[in-house]
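I have placed the structure first, in the form of structure tokens, so that the comments after it can refer back to it.
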2 protein chains.
Amino acid sequence: MAVMNISKTKEQYKSALLENVIPFWLQHSGDEEYGGYYTCLNRDGVVFDTDKFIWLQCRQVWTFSMLYNQVSPKEEWLNFARQGAKFLLAHGMDQEGNWYFSLNREGQPLIQPYNIFSDCFAAMAFGQLYKATKNPKHLQVAKKTFDHILQRQKNPKGKYSKAYPGTRNLQSFALPMIITNLVLEIEHILNQDLVTDTIKNGIDMVTNKFYRSDLGIILENIGMDGNLYDSFEGRLVNPGHGLESMWFIMDLAEKQGDKKLMQKATKIALQLIEYGWDQKHDGIFYFMDVKGNPPQQLEWDQKLWWVHLEATIAMAKGYLHTGNKACWDWFEKLHNYSWEHFGDQQYGEWYGYLNRRGEVLLPLKGGKWKGCFHVPRAFINYGKPWRR
Amino acid sequence: MAVMNISKTKEQYKSALLENVIPFWLQHSGDEEYGGYYTCLNRDGVVFDTDKFIWLQCRQVWTFSMLYNQVSPKEEWLNFARQGAKFLLAHGMDQEGNWYFSLNREGQPLIQPYNIFSDCFAAMAFGQLYKATKNPKHLQVAKKTFDHILQRQKNPKGKYSKAYPGTRNLQSFALPMIITNLVLEIEHILNQDLVTDTIKNGIDMVTNKFYRSDLGIILENIGMDGNLYDSFEGRLVNPGHGLESMWFIMDLAEKQGDKKLMQKATKIALQLIEYGWDQKHDGIFYFMDVKGNPPQQLEWDQKLWWVHLEATIAMAKGYLHTGNKACWDWFEKLHNYSWEHFGDQQYGEWYGYLNRRGEVLLPLKGGKWKGCFHVPRAFINYGKPWRR
């Protein structure tokens, strides 16, 4: 394999983002009749399902706002973000301002607001959009939503929780991890003390509680006492999730000028990718069991687009900030694997779901969980220098 | 491929059941300290998780009771059923008699009674156990649980439902299908009119409402108006589920001497297996989308043990009752595929989860969903003549 050239790689991601990925979503995802976005798109961009999932509606608003704010102030991009936001404001929340999980095409609620991540992505979307529009409504929604998240964070599923209280109280990695990234995303609308406290707590949770130095991995669920609970949930490892959190931590370390934290995050990221890498067929496993038992997730051995993108961001940032050669080697390996397996020369964008061998499992470009988010977010993170 | 011999095949299943499958569970699954059964067993029978899932606890009580009632009145089998029942009676229900979804090893509740199928398998277990024990407590629990199922059937998830009422009201195939089988299982403890009405309604639901003659398949979810709703849930097909329901219908047709219904069930079963068969790698797909879109289930292309067992029962019964040669051909094909891919010469029992190519995906013999149920139930159904 030829050694990659950093500036050439950046050019490649810039053109992939601006000439391939973004045009794909602009062309295929707008619902001009009811507003919002289609996200269920076949290989060639044809819509195969019209339901609207709040995670993905919000993430797409964020993406186009972010492009406007960080890459170029194109009215087309801001208008595309605005049209999604308009649909969300009209239909996305219940009367208390909690975000539904999904709506039908017309905007009627399908699934109740049981999922706190809908709110997380809504706060992220309206916070980023507000940067561009300075519209006080956008500010207000972002703030109110963030308040709800803080109120709900101790019991995020509320009445929809199926866990029997008290028998095995676990805390889950996803929420502190997302909140840590979220406060950085919407720092401009938050009280600075809240930002500082949340970041401090988030770094501690991620790097000291969920990260287990004895095992060299991040657990997805730990007891309230911080211990590993020997159960399906307690043994679960999601290497991509851990890698994503490590570049969040690197961003915080960069912001704080904390070199020690940067070194630690880089070290953990390398541990995670070595742990999660499939020695037989390449790529990173989706789920693993820390004791090597069969995971309950049947999709455990599949190779998912976002896992590989998050890993690549972590390796890019790790290399950029520490110069660690192992990060660059992994960046190259991930880059080559991803373009070979996830890339689609013919119709653009990336496939989302491959089987263990790296063959396309589902030919979709977008679905219930894959939208206009991870691919553009990653490409822009690889190529910081060409941003505004 | 050599043409199979029916009586030799029956002998093979008899010995596989009595010398391999049942000894595997007797040897590895009993929790002698806390009662109940371990179901999370590795390839060699070693326990890898101790949580107790009500579906599987109940199904194992059913299996050992059924063996006692139908194969041979061995005290060892009845005692093994009794010990599971004792654990279930002590820990399985909340104060209203609703069945939890799961317990920890000691019997403390982990997951609330949100899942009506826990109750279905409990009624089935205690109904079958009562046949053997004549213990009025077992009768009472089976009856009360069945009453709860009937009360809950219009809104099975109750307060745990995440669907927003009214936007897209779907009815699901699983419940009427299971209830139709359940009333036949526990007929001896029910009012005859209730049995007759439930069976009549169940046959209508399965063969006229969820079965779509225009498409030649059974849908997993239809509107309350019986229509196909073009959404992930509405387009979902689970060929194994449909095949399972067809042998339930064949049992009803046999009982009622209804040859027309037997022919119809056989015809539908053949349509389903032709629809669900993987032409490229053999085996039956787990999930499909009736419009050929990507299903949301990432495990859609995997080959599951129960799917192949239910299909084989349907083909065995279809051949037995109608003499349709296509059923026998499929029986042979399924038999050969299954023993080659699911069978484990070294440690016995069957693997549960294969990838699309038929390679072992998870090396477990039991887990959260696979217990001592489908394999023995199928083997005994293939070999009716040697039962008591």
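The values are calculated or read from the model by the stated rules, or taken from the named source; none is laboratory data. A quick note: this is a predicted structure, and the numbers were derived from the prediction, not measured. Glycine gets a Cβ as well: all are built from the backbone with ideal geometry, and neighbour counts include every protein chain shown.
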Output the residue which, of all residues in segment B:221-237 that are assigned to a loop (DSSP other than H, G, I, E, B) and away from chain A (no Cβ under 14 Å), is nearest to B:I249 (Cα to Cα). B:G226
Would you confirm whether or not segment B:279-286 contains a residue that is out of contact with any Ser or Thr (no Cβ under 9 Å at 6 or more places or on another chain), away from chain A (no Cβ under 14 Å), among the charged types (D, E, K, R) and on the phi > 0 side of the Ramachandran plot? yes
Residues in segment B:224-239 that are buried (at least 20 other Cβ atoms within 10 Å of the Cβ) and modelled with pLDDT under 95 total 0
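Condition check ((1) within 28 Å of B:H138 (Cα to Cα); (2) under 21 Å from the mean Cα position of the chain (by Cα)) across all residues:
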residue	(1), (2)
B:P156	yes, yes
B:K159	no, no
B:T207	no, yes
B:I218	no, yes
Checking the structure you have, find out if any residue of segment B:59-82 is more than 27 Å from B:I313 (Cβ to Cβ), of a type in the set (S, T, Y) and at pLDDT 95 or above. no
Show the residue pairs that are 6+ apart or on different chains and have beta-carbon atoms under 6 Å apart, the first residue being within segment A:85-100 and surrounded by fewer than 20 Cβ atoms within 10 Å (Cβ to Cβ), the second being assigned to a helix (DSSP H, G or I) and not aliphatic (A, V, I, L, M). A:G97/A:K144
Filter segment B:47-62 down to the residues that are in a helix (DSSP H, G or I) and of a type in the set (F, W, Y), then identify the one that is surrounded by the most Cβ atoms within 10 Å (Cβ to Cβ). B:W62
Tell me which residues, restricted to segment B:90-107, are hydrophobic (A, V, I, L, M, F, W, C) and within 12 Å of chain A (Cβ to nearest Cβ). B:F101, B:L103
Report yes if B:W277 is among the aromatic types (F, W, Y), under 30 Å from B:D258 (Cα atoms), at pLDDT 95 or above and surrounded by fewer than 20 Cβ atoms within 10 Å (Cβ to Cβ), otherwise no. yes
Would you confirm whether or not segment A:177-187 contains a residue that is more than 19 Å from the chain's Cα centre (by Cα) and surrounded by fewer than 19 Cβ atoms within 10 Å (Cβ to Cβ)? no
Out of all the residues in segment B:86-97, is one or more within 26 Å of B:Y351 (Cα to Cα) and either in contact with a strand residue (DSSP E or B) (Cβ under 9 Å, 6 or more places away or on another chain) or not small (G, A, S) (or both)? no
Which one is farthest from B:A125 (Cα to Cα), of the residues in segment B:344-374 that are at the interface with chain A (Cβ under 9 Å from one of its Cβ atoms), of a type in the set (A, V, I, L, M, F, W, C) and touching a residue at least 24 places away in the same chain (Cβ under 8 Å)? B:L361
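Could you please let me know if A:L150 is closer than 30 Å to B:L103 by Cβ and among the hydrophobic types (A, V, I, L, M, F, W, C)?
When the stated conditions are applied, A:L150 does not pass them.
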Mind checking which residues of segment B:267-312 are under 15 Å from B:G216 (Cα atoms) and not hydrophobic (A, V, I, L, M, F, W, C)? B:K267, B:Q271, B:E274, B:Y275, B:G276, B:D289, B:K291, B:G292
Check whether at least one residue in segment B:63-82 is surrounded by 17 or more Cβ atoms within 10 Å (Cβ to Cβ), within 14 Å of chain A (Cβ to nearest Cβ), within 22 Å of the chain's Cα centre (by Cα) and not in a loop (DSSP other than H, G, I, E, B), and report yes or no. no
Check on A:V195, surrounded by fewer than 20 Cβ atoms within 10 Å (Cβ to Cβ) and β-branched (V, I, T): yes
